[in-house]
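Chemist: This is the structure I want to talk about, given as structure tokens.
The values are calculated or read from the model by the stated rules, or taken from the named source; none is laboratory data. In this text, all values refer to a predicted model and were calculated from it rather than measured experimentally. Glycine gets a Cβ as well: all are built from the backbone with ideal geometry, and neighbour counts include every protein chain shown. Only protein heavy atoms, including side chains, enter the accessible area calculation; ligands, DNA and RNA are left aside. Shrake-Rupley method; radii C 1.70, N 1.55, O 1.52, S 1.80 Å.
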Amino acid sequence: MLIYNSLTRTREEFVPNEPGKVKMYTCGPTVYHFAHIGNLRTYIMEDVLEKYLRYAGYDVKRAMNITDVGHLSSDADTGEDKMVKGAKREHKTVMEIARFYTDAFFADCAALNIKTPDVVEPATNCIPEFITMVEGLLEKGYAYEAGGNVYFDTSKLEKYYVFGEHDQEDLAVGVREGVEADGNKKNKTDFVLWFTKSKFEDQELKWESPWGLGYPGWHIECSAISLKHLGPYMDLHCGGIDNAFPHHTNEIAQSESYLGHKWCNYWFHVRHLNDASGKMSKSKGAFLTVSLLQEKGYNPLAYRLFCLQSHYRKVLVFDWANLDNAQTAYDKLVARIAALEDGPADPADAEETEALRRRFQEALDNDLNTSLAVTALYDVLKAKISGAAKRALIGEFDTVLGLGLLEAAARKAEAAPAAQEGDEEIDALVAARTAAKKEKNFAEADRIRDLLKDMGVTLVDTKEGTTWHR
Ligand code: AMP
Ligand code: ZN
């Protein structure tokens, strides 16, 4: 499989450290508010990647953190703490907020068929691990204490900016608008590993540490949690593109300094979902959620299809007309699958089935081209193979695409009244009665109605025509 690696800025053959096994890490949500559908675009695409790796035969172990502490809204080391902000907004404790929005996040994921990672670890579970790592960085000379906090010293690195895709403006941490420079830092790119002092003294959650009562910086979470569950060599690390800098850059700085070797080989970044006014963002206030889509009558899986129809490395612009199109496409797809003929698979299907499967795999092997994979799904419906072979192949592809197609088609088929024996005869009699009425042959029309009545069929005459039921 070819995958675009943000670290090398090229598409590379994916080769895990250990043959057949993949260690995959995902930056989890900050649980101070509902996830918006932009966040969920990232989780959908990561889910497809994980499922495709499993489909390809890899034994995948995937871990994800839950950021329930110490995530600053500016992404620098100053600014308002998101968790505290959420708690204040809702007059709840930070832990109440975290619990509520963690559950809401997984409910959204379930509605979107996003699998829960093998390991989900809230940051507040791992304070001893963070402290061990900060101690190690201090011992090795990569960190220093200043003004009550512990900072990572970026001047100790040969190369700090490992991802090259950032505007100069983004790189200027500490001089961005609204971000105050932190006088404790030796270098403007240094970042906090452990806080005991910050401008928000009302931080609710604090823990004892060798540096005093305090709490961890954001970036240390992912370094320590991935090390705890996936070990010192990782294959694949995922997140939205905004995570590349400073978050992932700082994760790499800490982890590789602490471990003394290269840490993670492939970095997978999903471009943003934008709306008409630009990037969708929780801090902007008004944003779209899965429940809002549901309230408006959309199936969350139509949103999943909408995401799959474009490449993860392209910015995706949301608008309602596009979601309408995706919903229509989804419904039609389900209807076509529901209408597939029953019957046994034909041995003659094997060759065409293999060709269709190859098309699907080639699409995803090519840097996860999900829109071509969806096209391969339509090709199955058009193919000259039996209904049974089509259904089997659609089910197979959907273990990766996660559109719940066979389930939705089965529900649709169940809801539609099954055609019964004798229906055709009744239809013919109803048509004959309609023709008799048209010719003003009412005696004949009445005769047919009585005949149908004897057969247990009731007629309902409406403006649009005659319907019947048993
Ligand atoms: P957060 O909960 O803010 O930490 O973000 C959770 C995930 O969503 C991260 O991987 C972010 O990079 C990603 N993300 C944030 N905004 C967007 C967006 N507009 N579109 C796609 N992904 C996003
Ligand atoms: Zn992270």
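Chemist: If I ask for residues that are within 12 Å of ligand 2 (Cβ to nearest atom) and small (Gly, Ala, Ser), which ones from the stretch 219-271 would you list?
Modeler: Once the filter is applied, which keeps residues that are within 12 Å of ligand 2 (Cβ to nearest atom) and small (Gly, Ala, Ser), the stretch 219-271 yields Ser223, Ala224, Ser226, Gly239, Gly240, Ala244, Ser255.
Chemist: Also, I was wondering about something else. When you go through Glu221, Glu256 one by one, which is the residue that is acidic (Asp, Glu) and either within 19 Å of Val120 (Cα to Cα) or in contact (Cβ under 8 Å) with a residue 40 or more places away in the chain (or both)?
Modeler: Being acidic (Asp, Glu) and either within 19 Å of Val120 (Cα to Cα) or in contact (Cβ under 8 Å) with a residue 40 or more places away in the chain (or both) holds for just one of Glu221, Glu256, which is Glu221.
Chemist: Right, another one. Which ones in the stretch 412-454 are modelled with pLDDT under 85 and not in a helix (DSSP H, G or I)?
Modeler: If the condition is that a residue be modelled with pLDDT under 85 and not in a helix (DSSP H, G or I), then Ala416, Pro417, Ala418, Ala419, Gln420, Glu421, Gly422 are the ones that fit.
Chemist: Scan the stretch 68-97 residue by residue and report those that are at pLDDT 85 or above and touching a Pro at 6+ places or on another chain (Cβ under 7 Å).
Modeler: The one that is at pLDDT 85 or above and touching a Pro at 6+ places or on another chain (Cβ under 7 Å): Asp68.
Chemist: It is to be established whether one or more residues within the stretch 344-353 are in contact with an Asp or Glu (Cβ under 6 Å, 6 or more places away or on another chain) and either of a type in the set (Val, Ile, Thr) or touching a residue at least 40 places away in the same chain (Cβ under 8 Å) (or both).
Modeler: No, every residue in the stretch 344-353 fails to be in contact with an Asp or Glu (Cβ under 6 Å, 6 or more places away or on another chain) and either of a type in the set (Val, Ile, Thr) or touching a residue at least 40 places away in the same chain (Cβ under 8 Å) (or both).
Residues are listed down the side, and each one gets a yes or a no for (1) open to solvent by 20 Å² or more (accessible area, probe 1.4 Å); (2) aromatic (Phe, Trp, Tyr):
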{"residue": "Val315", "(1), (2)": "yes, no"}
{"residue": "Gln327", "(1), (2)": "yes, no"}
{"residue": "Glu351", "(1), (2)": "yes, no"}
{"residue": "Phe360", "(1), (2)": "no, yes"}
{"residue": "Leu364", "(1), (2)": "no, no"}
{"residue": "Gly387", "(1), (2)": "no, no"}
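Chemist: Next question. Which condition breaks for Ala253 when tested against (1) buried (at least 24 other Cβ atoms within 10 Å of the Cβ); (2) more than 13 Å from Leu137 (Cβ to Cβ)?
Modeler: (2)
Chemist: Further, regarding this structure: Pull up the stretch 57-69, narrow it to residues that are out of contact with any Leu (no Cβ under 6 Å at 6 or more places or on another chain) and in contact (Cβ under 8 Å) with a residue 60 or more places away in the chain, then point me to the one that is farthest from ligand 2 (Cβ to nearest atom).
Modeler: Filtering the stretch 57-69 for residues that are out of contact with any Leu (no Cβ under 6 Å at 6 or more places or on another chain) and in contact (Cβ under 8 Å) with a residue 60 or more places away in the chain, the one farthest from ligand 2 (Cβ to nearest atom) comes out as Lys61.
Chemist: Test of understanding: among Ile131, Ile44, which residue is at pLDDT 95 or above, away from ligand 2 (no atom under 15 Å from the Cβ), in contact with a strand residue (DSSP E or B) (Cβ under 9 Å, 6 or more places away or on another chain) and closer than 30 Å to Asp190 by Cα?
Modeler: Sole residue among the options that is at pLDDT 95 or above, away from ligand 2 (no atom under 15 Å from the Cβ), in contact with a strand residue (DSSP E or B) (Cβ under 9 Å, 6 or more places away or on another chain) and closer than 30 Å to Asp190 by Cα: Ile131.
Chemist: Can you name every residue in the stretch 1-26 that is assigned to a loop (DSSP other than H, G, I, E, B), open to solvent by 10 Å² or more (accessible area, probe 1.4 Å) and within 16 Å of ligand 2 (Cβ to nearest atom)?
Modeler: Residue satisfying the conditions is Leu7 alone.
Chemist: Six or more apart or on different chains, Cβ atoms under 8 Å: show the pairs whose first residue is in the stretch 93-122 and in contact (Cβ under 8 Å) with a residue 24 or more places away in the chain and whose second is of a type in the set (Val, Ile, Thr) and surrounded by fewer than 16 Cβ atoms within 10 Å (Cβ to Cβ).
Modeler: Here the result reads Cys109/Thr116, each pair linking the stretch 93-122 to a residue that is of a type in the set (Val, Ile, Thr) and surrounded by fewer than 16 Cβ atoms within 10 Å (Cβ to Cβ).
Chemist: Still on this structure: So, in the stretch 335-348, of the ones that are assigned to a helix (DSSP H, G or I) and within 14 Å of Ile394 (Cα to Cα), which residue ends up least open to solvent (accessible area, probe 1.4 Å)?
Modeler: Within the stretch 335-348, the match that is least open to solvent (accessible area, probe 1.4 Å) is Ile337.
Chemist: While we're on this one: If I go through the stretch 455-468 residue by residue, how many of them are at pLDDT below 80 and touching a strand residue (DSSP E or B) at 6+ places or on another chain (Cβ under 9 Å)?
Modeler: 0
Chemist: For the stretch 70-78, check the following and say yes or no: at least one residue is within 16 Å of ligand 1 (Cβ to nearest atom), under 22 Å from Thr289 (Cα atoms), touching a residue at least 24 places away in the same chain (Cβ under 8 Å) and touching a helix residue (DSSP H, G or I) at 6+ places or on another chain (Cβ under 6 Å).
Modeler: Within the stretch 70-78 (the criterion being within 16 Å of ligand 1 (Cβ to nearest atom), under 22 Å from Thr289 (Cα atoms), touching a residue at least 24 places away in the same chain (Cβ under 8 Å) and touching a helix residue (DSSP H, G or I) at 6+ places or on another chain (Cβ under 6 Å)), the answer is yes, since at least one residue qualifies.
Chemist: Is there a residue in the stretch 48-56 that is at negative phi and within 8 Å of ligand 1 (Cβ to nearest atom)?
Modeler: no
Chemist: A follow-up question, please. For the stretch 151-163, how many residues meet the condition of being touching a residue at least 60 places away in the same chain (Cβ under 8 Å) and either part of a loop (DSSP other than H, G, I, E, B) or farther than 27 Å from Gly240 by Cα (or both)?
Modeler: Here the count works out to 6.
Chemist: Could you list, in sequence order, all residues of the stretch 451-470 that are acidic (Asp, Glu) and open to solvent by less than 90 Å² (accessible area, probe 1.4 Å)?
Modeler: Asp461
For (1) closer than 26 Å to Arg11 by Cα; (2) away from ligand 1 (no atom under 15 Å from the Cβ), each residue gets a yes or a no:
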residue	(1), (2)
Gly260	no, yes
Tyr266	yes, yes
Leu288	no, no
Ser291	no, yes
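Chemist: Of everything in the stretch 181-215, what is out of contact with any His (no Cβ under 7 Å at 6 or more places or on another chain) and assigned to a strand (DSSP E or B)? Give them in sequence order.
Modeler: Hits for the stretch 181-215 are Val192, Leu193, Trp194, Phe195, Trp207, Gly214, Tyr215.
Chemist: Same structure, new question: Of all residues in the stretch 147-163, count the ones that are aliphatic (A, V, I, L, M) and open to solvent by 20 Å² or more (accessible area, probe 1.4 Å).
Modeler: 2
Chemist: Among the listed residues Gln254, Gln203, identify the single one that is away from ligand 1 (no atom under 16 Å from the Cβ), touching a helix residue (DSSP H, G or I) at 6+ places or on another chain (Cβ under 9 Å), closer than 18 Å to Tyr151 by Cβ and at pLDDT 90 or above.
Modeler: Gln254
Chemist: Quick one: count up the residues across the stretch 102-140 that are aliphatic (A, V, I, L, M), within 30 Å of Leu308 (Cα to Cα) and surrounded by 15 or more Cβ atoms within 10 Å (Cβ to Cβ).
Modeler: The number of residues fulfilling the criteria is 6.
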